[in-house]
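Please read the structure below before turning to the comments.
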Amino acid sequence: MGPLEGVRVLDFCQFLAGPSAGLRLADLGAQVIKVEQPTGDICRTLYSSNLIIDGDSTLFHVINRNKDDVSVDLKSEHGKEQIKQLIKDADVMIVNFRPHVAKKLGIDYENIKMINPAIVYGEITGFGHEGEWASEPGQDLLVQSLSGMAMANGNRDQLPTPAGVSIADLISGQHLVQGVLAGLIRKEATGDGAYIQISMMESMMDLQFEGFTTFLNDGNEIPQRSKISNANFYTNAPYGIYKTRDWYITIAITPIPQLGELIGCKALEAYTDPATWSTKRDEIKAILADHLKTQDTQYWLDILQKHDIWCSNVYTWDMLLETDAFKHLEMLQEIELQSGKKMTVLRCPITIDKQKFYSSKPSPKIGQDNAKYLT
């Protein structure tokens with residue numbers, strides 16, 4: 001039994017941000033009902049690597065597993081009545097439309113709270129309801145670019161580099177979960193509902209709070225990406241990923257003279273003043289980069305790890321799967337789709353009272369649970 005057992009959630013979301021929040025609530029025990037138009041969630045056809053399973057995208061299967069599903073025409077009078085009944089019986093409702101869309105469909109918070117004043121209503125938008133960007137699409141790559149995140153990645157002479165995953169979608173989805181849980185706690189204590197608002201832009205700024213706070217209190221001076229092995233605006237050398245003779249190695253924080261002594265690089269031993277590890281960051285990194293190319297990754301790891309230096313190999317996903325460390329986490333689970341096909345996915349990453357949360361329930365077909373919830 002999950003901690004959210006008995007909580008009913010209406011998930012009106014599409015794509016990734018909102019549905020990822022619904023998935024997490026479902027994994028923790030909530031009864032999540034995905035509400036779709038008869039044409040279905042657009043994400044059903046948002047394919048990754050052209051991989052289609054049972055007619056839907058892998059992305060749809062991954063973020064909509066463990067949910068029930070009803071199909072309702074939100075624009076019809078009958079559909080509106082069906083929605084009202086669903087809302088009366090719900091504890092939580094989540095949406096991720098552009099601001100004007102929810103209001104046009106009659107499912108904005110002001111309308112919903114008249115039907116169920118105690119509901120915890122959560123929404124994700126791209127940029128909130130006000131301001132010059134309010135009507136802009138909350139698309140992951142656009143938000144990464146506008147938030148400054150893309151300018152933090154990649155080496156200085158390279159193009160701004162976005163993250164290789166949909167980080168803006170996923171972090172805003174998790175912030176929505178946090179807000180919903182806070183709303184449920186207050187509801188339990190006072191009986192009052194809550195209106196939770198998350199914007200992808202605010203979530204991305206929060207994700208960058210460490211560096212952005214430094215910027216705000218350092219005369220608004222724009223930090224410079226390192227020319228070599230860039231990994232963090234404000235972290236001194238040697239922080240970064242380097243090429244070795246046969247692969248790559250990651251080295252985090254360590255005194256430069258000590259590092260030079262351990263790897264046999266006399267030039268690094270000369271940087272005894274810690275201030276130079278920042279002021280001459282690129283100079284130090286260039287020396288280190290050249291030296292590390294002379295031996296294989298494992299050669300350097302054997303030396304550095306023996307002296308408790310923070311370093312690691314750099315894994316591809318197939319390499320990671322073969323490690324005992326990953327196997328020990330027991331992160332994988334197998335779900336059986338309605339066609340009988342098997343699909344391997346990740347489990348919920350949260351452990352409570354030593355309980356890991358797995359689910360075998362696959363993603364739903366459009367309207368498969370209409371008879372159960374609708375009249």
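Output the residues belonging to the stretch 270-305 that are more than 34 Å from the chain's Cα centre (by Cα), under 26 Å from GLN224 (Cβ atoms) and part of a helix (DSSP H, G or I).
THR276, GLU283, ILE287, ASP290, HIS291
Based on this model, can you work out whether ILE241 counts as in the same structural domain as ASP157 (by TED's automatic domain parsing) and assigned to a strand (DSSP E or B)? Break it down into steps so the answer makes sense when it comes.
On the way: in the same structural domain as ASP157 (by TED's automatic domain parsing): no; assigned to a strand (DSSP E or B): yes.
Here the answer is no, as ILE241 does not meet what is asked.
Going residue by residue through the stretch 189-200, is there one that turns out to be farther than 30 Å from LEU176 by Cβ, buried (at least 21 other Cβ atoms within 10 Å of the Cβ) and in contact with a strand residue (DSSP E or B) (Cβ under 7 Å, 6 or more places away or on another chain)? Even if it seems obvious, please write down each step before you answer.
Applying the first criterion (farther than 30 Å from LEU176 by Cβ) to the stretch 189-200 yields none.
Checked against the condition, which is being farther than 30 Å from LEU176 by Cβ, buried (at least 21 other Cβ atoms within 10 Å of the Cβ) and in contact with a strand residue (DSSP E or B) (Cβ under 7 Å, 6 or more places away or on another chain), the stretch 189-200 yields no hits at all.
Can you tell me how many residues within the stretch 320-368 are in a loop (DSSP other than H, G, I, E, B), under 30 Å from SER71 (Cβ atoms) and among the polar types (S, T, N, Q)?
Going through the stretch 320-368 one residue at a time, the tally reaches 6.
Would the stretch 115-129 turn up any residue that is surrounded by fewer than 22 Cβ atoms within 10 Å (Cβ to Cβ), at pLDDT below 95 and either part of a helix (DSSP H, G or I) or among the hydrophobic types (A, V, I, L, M, F, W, C) (or both)?
Taking every residue of the stretch 115-129 in turn, none turns out to be surrounded by fewer than 22 Cβ atoms within 10 Å (Cβ to Cβ), at pLDDT below 95 and either part of a helix (DSSP H, G or I) or among the hydrophobic types (A, V, I, L, M, F, W, C) (or both).
Give the residues of the stretch 1-58 that are part of a helix (DSSP H, G or I), closer than 18 Å to ASN96 by Cβ and at pLDDT 95 or above, sorted by residue number. Full working, then the answer.
The initial filter retains those residues of the stretch 1-58 that are part of a helix (DSSP H, G or I), namely 17-27, 42-45, 58.
Add one more test, that the residue is closer than 18 Å to ASN96 by Cβ, and what stays is 17-26, 42-45.
Residues satisfying the conditions are ALA17, GLY18, PRO19, SER20, ALA21, GLY22, LEU23, ARG24, LEU25, ALA26.
Suppose we filter SER172, SER203 for residues that are without any contact (Cβ under 8 Å) to a residue 60 or more places away in the chain, among the hydroxyl-bearing types (Ser, Thr, Tyr), surrounded by 20 or more Cβ atoms within 10 Å (Cβ to Cβ) and not in a loop (DSSP other than H, G, I, E, B); which single one remains? Talk me through it step by step, then tell me what you get.
Details: SER172 fails: without any contact (Cβ under 8 Å) to a residue 60 or more places away in the chain.
Of SER172, SER203, the one residue that is without any contact (Cβ under 8 Å) to a residue 60 or more places away in the chain, among the hydroxyl-bearing types (Ser, Thr, Tyr), surrounded by 20 or more Cβ atoms within 10 Å (Cβ to Cβ) and not in a loop (DSSP other than H, G, I, E, B) is SER203.
Residues ILE196, ILE171: which one is under 11 Å from the mean Cα position of the chain (by Cα) and of a type in the set (A, V, I, L, M, F, W, C)?
Details: ILE196 fails: under 11 Å from the mean Cα position of the chain (by Cα).
Testing whether each residue is under 11 Å from the mean Cα position of the chain (by Cα) and of a type in the set (A, V, I, L, M, F, W, C) leaves just ILE171.
I need the full set of residues from the stretch 84-114 which are at pLDDT 95 or above and in a helix (DSSP H, G or I), in order please.
LYS84, GLN85, LEU86, ILE87, LYS88, TYR109, GLU110, ASN111, ILE112, LYS113, MET114
In the stretch 287-306, which residues are over 13 Å from THR244 (Cα atoms), surrounded by 12 or more Cβ atoms within 10 Å (Cβ to Cβ) and out of contact with any helix residue (DSSP H, G or I) (no Cβ under 6 Å at 6 or more places or on another chain)?
Once the filter is applied, which keeps residues that are over 13 Å from THR244 (Cα atoms), surrounded by 12 or more Cβ atoms within 10 Å (Cβ to Cβ) and out of contact with any helix residue (DSSP H, G or I) (no Cβ under 6 Å at 6 or more places or on another chain), the stretch 287-306 yields LEU304, GLN305.
Within the bounds of the stretch 222-231, is there any residue that is in the same structural domain as ALA289 (by TED's automatic domain parsing) and part of a loop (DSSP other than H, G, I, E, B)?
Step one: filter the stretch 222-231 for residues in the same structural domain as ALA289 (by TED's automatic domain parsing), giving none.
No, every residue in the stretch 222-231 fails to be in the same structural domain as ALA289 (by TED's automatic domain parsing) and part of a loop (DSSP other than H, G, I, E, B).
What pairs come up if the first residue lies in the stretch 290-312 and is free of Cβ contacts under 8 Å to residues at least 40 places away in the same chain, the second is part of a strand (DSSP E or B), and their beta carbons are under 7 Å apart, counting only those six or more places apart or on different chains?
Cβ pairs passing all conditions: GLN305/CYS311.
The values are calculated or read from the model by the stated rules, or taken from the named source; none is laboratory data. In this text, all values refer to a predicted model and were calculated from it rather than measured experimentally. FYI the Cβ positions are ideal-geometry reconstructions off the backbone, even for glycines, and counts take in every protein chain you see.
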